[in-house]
Amino acid sequence: MKKILNPYPKYEGYNCFGCSPENAHGLKMEFFEDGDHVICNWQPSNFLQGYHNVLHGGIQATLMDEIGSWFVQVKLKTAGVTSNLNVRYIKPVTILEGELLLRASFLQKRRNLVDIFVELFDPSGILCAKGEITYFTFSPEVAKNEFNYPDFEEFFEKE
């Protein structure tokens, strides 16, 4: 398993709600490459609850969308934007028991559309939500010039 570095803080105005380490109101997600998957261990906070002590469903969807986007960036080596997000909520997610695990994997590619499968597990390893997310992906030139996609090597420590 390899830690994925976030190369975006170097860009002025970067303040992503999902992954910016400096966004005071953000989720501050961090990611790891684990074989064919991208994973994230994430600690919920009580200000993100819907029902009492339950993580808000919109935040669950945001977590899933964010890790899917990082899968596209790291595994497919380009940038993309969300085209469709379909989440199946299976079990309420408590905010009291510890870190959640998110895991993203590749489903299929159709021209410039890519489908990513994401699972969200509670601290006990129980599947609480799953989703299929479609991203509209860009050519390497557009990803770099219009979306600040960095050199791929910036996502990992130099070995």
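The values are calculated or read from the model by the stated rules, or taken from the named source; none is laboratory data. Predicted, not measured: the structure shown is a model, and the values here were computed from it. Cβ: placed from backbone, ideal geometry, glycine included. Neighbour counts: every protein chain shown.
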Response to the item:
Here the residues within segment 107-145 that are surrounded by 15 or more Cβ atoms within 10 Å (Cβ to Cβ) and assigned to a loop (DSSP other than H, G, I, E, B) are 122, 123, 138
Worksheet item: For segment 1-18, how many residues meet the condition of being surrounded by 17 or more Cβ atoms within 10 Å (Cβ to Cβ) and in contact with a helix residue (DSSP H, G or I) (Cβ under 6 Å, 6 or more places away or on another chain)?
Response: 3
Practice prompt. Please enumerate the residues belonging to segment 86-106 that are of a type in the set (D, E, K, R) and either in a loop (DSSP other than H, G, I, E, B) or free of Cβ contacts under 8 Å to residues at least 60 places away in the same chain (or both).
Written response: 88, 91, 97, 99
Worksheet item: In segment 107-147, which residues are without any contact (Cβ under 8 Å) to a residue 40 or more places away in the chain and among the small types (Gly, Ala, Ser)?
Response: 124, 125
Item to complete: Run residue 96 past the list (1) modelled with pLDDT of 95 or more; (2) out of contact with any Lys or Arg (no Cβ under 9 Å at 6 or more places or on another chain) and report the number of the one that doesn't hold.
Response: (1)
Practice prompt. For residue 17, state whether it is over 17 Å from residue 98 (Cα atoms), at pLDDT 95 or above and assigned to a strand (DSSP E or B).
Written response: no
Fill in: Extreme residue, nearest to residue 101 (Cα to Cα), among residues of segment 20-46 that are among the polar types (S, T, N, Q) and surrounded by fewer than 16 Cβ atoms within 10 Å (Cβ to Cβ)
41
